[in-house]
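A.B. asks: Got a structure for you, questions after.
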Amino acid sequence: MVRVGIVGTNWITDKFLEAAKLVENFELSAVYSRTRERAEEVAEKYNVEMIFTNLEEMAASSIIDAVYIATPNAFHAEQSILFLRNNKHVLCEKPLAANASEVKKMFETAKEHDVLLMEAMKSTLIPNFMAIQNNLHKIGRI
């Protein structure tokens with residue numbers, strides 16, 4: 001079971017959680033919001049007991065193994081690094097960071113703490129995946 005916390009309580013988080021329901025061994029364990037009221041609202045919607053209004057406390061918590069970050073882009077690097085330094089796997093919405101130097105620091109931190117860092121992006125719209133989709137008919141039924 002992978003115990004996941006969410007940072008960001010917006011529509012993209014709702015989409016992520018709807019998809020996550022289909023994933024075996026996924027457990028939403030904690031919700032973070034800057035305001036207690038919003039954290040409680042989202043926690044109630046998704047039947048989650050643990051809420052946080054302090055990111056450092058959430059990152060240090062032993063109740064999550066990983067975190068999904070869907071906050072304003074300017075916070076992605078800082079928040080991701082905080083969780084990576086606390087040995088949490090991170091799935092961060094796109095863009096991963098504002099510049100190459102931030103991305104480099106993020107991946108260095110992930111490697112140093114032996115955790116995974118991934119950017120949440122819809123790969124089906126990348127040209128190579130579109131090319132595959134457009135040519136699947138050529139190989140016939142699989």
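A.B. asks: So, restricting to helices (runs of 4 or more DSSP H) that lie completely within the stretch 1-66, which ones have at least 1 residues that are of a type in the set (Lys, Arg)?
C.D. replies: 11-20, 36-45
A.B. asks: In this structure, does Tyr46 turn out to be among the aromatic types (Phe, Trp, Tyr), under 17 Å from Met121 (Cα atoms) and out of contact with any His (no Cβ under 7 Å at 6 or more places or on another chain)?
C.D. replies: no
A.B. asks: Quick check, is Ala66 closer than 20 Å to Val4 by Cβ, touching a Cys at 6+ places or on another chain (Cβ under 7 Å) and surrounded by 13 or more Cβ atoms within 10 Å (Cβ to Cβ)?
C.D. replies: In short, no.
A.B. asks: What single numbered condition from (1) more than 15 Å from Ile6 (Cβ to Cβ); (2) small (Gly, Ala, Ser); (3) touching a helix residue (DSSP H, G or I) at 6+ places or on another chain (Cβ under 6 Å) fails to hold for Ala60?
C.D. replies: Among (1) more than 15 Å from Ile6 (Cβ to Cβ); (2) small (Gly, Ala, Ser); (3) touching a helix residue (DSSP H, G or I) at 6+ places or on another chain (Cβ under 6 Å), Ala60 violates only (3).
A.B. asks: I'd like to verify a number: residues in the stretch 92-119 that are surrounded by fewer than 18 Cβ atoms within 10 Å (Cβ to Cβ) and under 17 Å from Asp65 (Cβ atoms), how many?
C.D. replies: 4
Rule-based calculations on the coordinates, nothing more; no lab input. Keep in mind that this is a model prediction, so the values were computed, not measured. Note: ideal-geometry Cβ built from the backbone for every residue, glycine included; neighbour counts use all protein chains shown.
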